[in-house]
Amino acid sequence: MIRSATPADVPVVHALIRELAEYEKAPQEARATEEQLREALFGERPAAFAHMAVDDGTGESVGFALWFLNFSTWRGVHGIHLEDLYVRPSARGGGHGRALLTELARICVERGYERLEWSVLDWNRPAIGFYEALGARPQDEWTVYRLTDGPLAELGRSAH
């Protein structure tokens, strides 16, 4: 079962993010607090949205998708950027990841969004195989760049 996250899900979303960071070998990078997530997802001006994968038998949340809107200047419409997709190892193979992506694709179709995009680590062969089996294709001609921490602060200060 897939459902929209509620404020009561924030602790579980936070725990799943920590598990994802461990899986991606970067636990030190996952610094978001529950309070930050609550504000981002359910504050006055939500910046992101989340869906939960719930085990039908136990009612336990076993995965999540956290996403936000992007915009294509070429297509002239919004799309969805999937920031995180994670299913606990014990629940993998049960269709939860596919169900989460199916729900996001449904939202895209319903709202007229023309893209559903995400990034995947190049060493995560199981995820890459899963995504390609769904029909997703890598955007090999693009390289993601990121400014964080000191370089971001330095560039930001140089604007004055």
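In this calculation the C-beta distance from residue 106 to residue 148 is compared with R0 = 30 Å, giving a FRET efficiency of 0.35.
Spin-label model, residue 117 to residue 158: label points 7 Å out along the Cα-to-beta-carbon direction sit 2.5 nm apart. For a quick check: with amide H placed at 1.01 Å from N, whose amide H comes under 5 Å from residue 115's, ignoring anything fewer than 5 positions away on the same chain? Under 5 Å from the amide H of residue 115 lie the amide H atoms of 80, each far enough along the sequence or on another chain.
Taking amide hydrogens as placed 1.01 Å from N in the peptide plane, the amide H of residue 5 sits under 5 Å from those of 50, 51, 52, each at least 5 positions away in sequence or on another chain.
With an a/c value under 1.5 for the gyration tensor axes a ≥ b ≥ c computed over the alpha-carbon atoms, the chain is described as rounded. Peptides 138-148, 73-83, 51-61, ordered by how many other C-beta atoms sit within 10 Å of their residues on average, highest first, read 51-61, 73-83, 138-148. Scanning residues 5 or more positions from residue 77 or on other chains, those with amide H under 5 Å from its amide H are 72, with H placed 1.01 Å from N in the peptide plane. Taking 0.36 nm per residue of sequence separation and removing the Cα-Cα distance, the residue 139/residue 23 pair yields an extension gain of 39.4 nm. Taken along the Cα-to-beta-carbon direction at a fixed 7 Å, the label points for residue 32 and residue 78 span 1.8 nm.
Look at the alpha carbon pairs under 8 Å that are at least 6 residues apart: their mean separation over the length of region 47-160 gives a relative contact order of 18 percent. Think of a 1.4 Å ball rolled over the protein heavy atoms: the chain then has 66 Å² of accessible area per residue.
Evaluating 6.51 cos²θ - 1.76 cosθ + 1.60 at θ = phi - 60° for every residue in region 141-151, the Karplus couplings come out as 7, 10, 10, 7, 10, 8, 10, 9, 6, x, x Hz, glycine and proline recorded as x. Applying the Karplus relation 6.51 cos²θ - 1.76 cosθ + 1.60 with θ = phi - 60° to region 96-113 yields 3J(HN,Hα) values of 5, x, 4, 5, 5, 5, 4, 5, 5, 5, 4, 4, 4, 5, 4, 9, x, 6 Hz, where x marks Gly and Pro. To put it simply, the accessible area of region 11-160 at a 1.4 Å probe is 53 percent carbon and sulfur. Derived scalar couplings between HN and Hα for region 82-91 equal 7, 6, 9, 10, 8, 10, 4, x, 5, 10 Hz in order, rounded to whole Hz, by the Karplus curve 6.51 cos²θ - 1.76 cosθ + 1.60 (θ = phi - 60°), x for Gly and Pro.
The values are calculated or read from the model by the stated rules, or taken from the named source; none is laboratory data. Small disclaimer: the values here were computed from a predicted structure and weren't measured. Because the Cβ atoms are built from the backbone with ideal geometry, glycine has one as well, and the counts that use them run over all protein chains shown. Keep in mind that these areas ignore ligands, DNA and RNA; they rest on the heavy atoms of the full protein, side chains included. Shrake-Rupley method; radii C 1.70, N 1.55, O 1.52, S 1.80 Å.
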